[in-house]
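Trainee: The following block contains the structure, expressed as structure tokens.
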């Protein structure tokens, strides 16, 4: 998959842009059949509709920007339809009424015929002034990272994958994520969601034994091949030394629970800890999209992935429970001169912890 989106050079590039610049009206620069006329390009659509819904509190726009049967996937539970998106947004705003969303990046692919796909990384600041999924209001202000992957056609999102650093929110609220997860796990999940979770675990673990994959030297030439090879070599084959080949020595990595990692040693240490927690884990790469970033050999890559395995180790999530765990994650990479120079990997660690409170082997 080469980075060859039509008119990609004219499409909005978010990093380093001021919000006033991003919201300014512009003429259309990209074919967008069925989209509202005031959107200049697909990234413009993602940035502006998010701002209008969340910052301007125009929740009714959800009805014109989501399909009536939109499926939203989160590790904590799935929702179906625009109406549930509206209701969930209302609940979030009631708990965090001053929530602000800063668009850090939109990595995208597709076109108006096949449909578009976006991976939108957001930093949010908000104050907990009402009861929430975490418990009673605390009055504390928090920051978190969210990545929303959306499949879009003709102005409407028809499927979304949402990952947010909820364990980091809990910690900033002064709560113990393990105790929050224990309390949340007491409420039985919807049968349909548990069926989906177990089905995803079977899908991911159903892979054959991992084979070696050659990592392309030029990530910009084929970002999808690069992404699949990196996950195969490091995560599935446990070739952790490849981190030194693939990552710059000064790479900064943001990971769940507010982790801020720097350099080869810390990056390898975190990957090893996660895999030691679920030592039989397998990872599937479920979607890749990419945009050029203007640096020599530079490309920004978004990877949506799934990890499944058995909680057999104590490294991250407490004493082993032998529960089968699923992780839905999204990773954003900045690549320059053939090496990853920045990474954001987000998944809902609170939802992972909830899975450890159940019958062994389930």
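The values are calculated or read from the model by the stated rules, or taken from the named source; none is laboratory data. All values reported here derive from a predicted model rather than from experimental measurement. Because the Cβ atoms are built from the backbone with ideal geometry, glycine has one as well, and the counts that use them run over all protein chains shown.
Trainee: Out of 269, 313, I need the residue that is in contact (Cβ under 8 Å) with a residue 12 or more places away in the chain and in the same structural domain as residue 228 (by TED's automatic domain parsing). Which one? It would help to see each step written out before you state the result.
Mentor: Details: 269 fails: in contact (Cβ under 8 Å) with a residue 12 or more places away in the chain.
Result: 313 is the single residue among 269, 313 that is in contact (Cβ under 8 Å) with a residue 12 or more places away in the chain and in the same structural domain as residue 228 (by TED's automatic domain parsing).
Trainee: Look at residue 122 and say whether it is in a helix (DSSP H, G or I) and surrounded by 16 or more Cβ atoms within 10 Å (Cβ to Cβ).
Mentor: So residue 122 does not fit the description; no.
Trainee: For the stretch 239-256, which residues satisfy the criterion of being more than 14 Å from residue 341 (Cβ to Cβ) and crowded, with 17+ Cβ neighbours inside 10 Å?
Mentor: Residues satisfying the conditions are 240, 242, 255, 256.
Residue-wise test of (1) crowded, with 16+ Cβ neighbours inside 10 Å; (2) under 23 Å from residue 13 (Cβ atoms).
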{"position": "93", "(1), (2)": "yes, no"}
{"position": "99", "(1), (2)": "yes, no"}
{"position": "109", "(1), (2)": "yes, yes"}
{"position": "114", "(1), (2)": "no, yes"}
{"position": "129", "(1), (2)": "yes, no"}
{"position": "136", "(1), (2)": "no, no"}
{"position": "148", "(1), (2)": "yes, yes"}
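Trainee: Let me ask something else about it. Consider residue 143 against the criteria (1) assigned to a strand (DSSP E or B); (2) buried (at least 19 other Cβ atoms within 10 Å of the Cβ): it satisfies all of them except one. Which criterion is unmet?
Mentor: (2)
Trainee: Still on this structure, I have one more. Being out of contact with any helix residue (DSSP H, G or I) (no Cβ under 8 Å at 6 or more places or on another chain) and closer than 24 Å to residue 105 by Cβ is the filter here; which residues of the stretch 261-288 pass it? Explain how you work it out, then say what you get.
Mentor: Step one: of the stretch 261-288, the residues out of contact with any helix residue (DSSP H, G or I) (no Cβ under 8 Å at 6 or more places or on another chain) are 262-263, 265-266, 269-270, 272-274, 276-279, 286-287.
Hits for the stretch 261-288 are 262, 263, 266, 270, 274, 286, 287.
Trainee: In this structure, is residue 61 part of a helix (DSSP H, G or I) and at pLDDT 90 or above?
Mentor: Values: part of a helix (DSSP H, G or I): yes; at pLDDT 90 or above: yes.
Against the criterion (part of a helix (DSSP H, G or I) and at pLDDT 90 or above), residue 61 qualifies.
Trainee: Pick from the stretch 154-198 the residues that are part of a helix (DSSP H, G or I) and within 30 Å of residue 47 (Cα to Cα): which of them is nearest to the chain's Cα centre (by Cα)? Show your work before the answer.
Mentor: So in the stretch 154-198, the residues part of a helix (DSSP H, G or I) come out as 166-172, 177-185, 191-198.
Next cut, within 30 Å of residue 47 (Cα to Cα) only: 166-172, 193.
On the way: 166: 12, 167: 14, 168: 15, 169: 16, 170: 18, 171: 20, 172: 20, 193: 19 Å.
Among those that are part of a helix (DSSP H, G or I) and within 30 Å of residue 47 (Cα to Cα), it is 166.
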